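Contents: one structure, followed by commentary.
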């Protein structure tokens, strides 16, 4: 099992993330940010990744630090769990629709952080959740998982649907990228011989 647990403590947040890349989609969250939990549940279920995330943050200010730091800690746990990346597919992609919304996510476990994020939300908040925080989450993840990630919401009117298609597609793309490829067994999917930088 490719799994890892990371704890990150700062003056603003205390976060523990456990991830199992070879899981069944089991998820358990205690973050104080319900809509983020709903989105992370999509990643677990559609990515077949087990996630356990506990976070205590300065929510009396707002959810910014908590959401960003969950992304950071999830990225750190992902890096530990994926190991040397030998024999994996490396690339993953998914298109996911939900009613009128459609999103595409493409990922490269390249060892190089990069984010192209194109998610034109039709409103500024979903319930009490500030949609700007999704960008912070993905930046945190990308910078610490050391992956290249392209996120495009191709169409959508309902902001909940826009967000949900992105997170479902993110889970599906991760699932594809971390899978083992029998034809790559014992080999690194890179002409450089490494995917660490």
Pick from 177, 163, 26: which residue has the top mean-square fluctuation in a GNM of the chain where Cα pairs under 10 Å get a spring?
-> 26
Cα-projected label distance for residue 123 with residue 60, points at 7 Å along beta-carbon direction, nm | 3.0
Expressed in angstrom and rounded, the centroid-to-centroid distance over alpha carbons for segment 52-75 and segment 1-41 is 10
In degrees, nearest ten, helix 64-82 long axis to first principal axis of the chain (Cα) = 10
dims of segment 1-111, Cα set, principal axes, largest to smallest, nearest Å -> 42, 39, 24
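If you average the sequence gap of Cα pairs under 8 Å that are 6 or more apart and divide by the length of segment 1-92, what percent do you get for the contact order?
36
Taking the Cβ-Cβ separation of residue 157 and residue 196 as r and a Förster radius of 45 Å, what is the calculated FRET efficiency to the nearest 0.05?
About 0.60, to the nearest 0.05.
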How big is the equivalent ellipsoid of segment 3-184 along its three axes, where each semi-axis is √(5λ) from the Cα gyration tensor, reported in whole Å from largest to smallest?
-> 23, 21, 14
Both in Å, the radius of gyration and Dmax of the C-alpha trace of segment 72-167 are 14.1, 42
In whole percent, what relative contact order does the chain give with Cα contacts below 8 Å and a gap of six or more residues?
-> 27
Rounded to the nearest 500, what is the chain's calculated 222 nm mean residue ellipticity when only DSSP H runs of at least 4 contribute -39500 (n - 2.57) each, over all residues?
-> -11500 deg cm²/dmol
May I ask for the angle, rounded to the nearest 10°, between helix 34-47 and the longest principal axis of the chain, with both axes built from Cα atoms and the value confined to 0 to 90°?
-> 20
Rank 158, 143, 52 by mean-square fluctuation in a GNM of the chain with C-alpha springs under 10 angstrom and give only the top-ranked residue.
-> 158
Give me the angle, in degrees from 0 to 90, between the Cα long axis of helix 132-145 and the longest principal axis of the Cα atoms of the chain, rounded to the nearest 10.
-> 20
Spacing of the two label points (7 Å from each Cα toward its C-beta) at residue 91 and residue 38, in nm = 3.4
Once the Cα gyration tensor of segment 110-163 is diagonalised, what are the square roots of 5 times its eigenvalues, in whole Å and ordered largest first, as equivalent ellipsoid semi-axes?
-> 23, 13, 6
If 151, 61 are placed from fewest to most neighbouring beta carbons inside 10 Å, the sequence is 61, 151
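Only the coordinates and a few stated rules stand behind these numbers; no lab work does. Quick caveat, the model's predicted, so the values are computed rather than measured. All Cβ positions, even for glycine, are placed from backbone atoms using ideal geometry, and neighbour counts span all protein chains on display.
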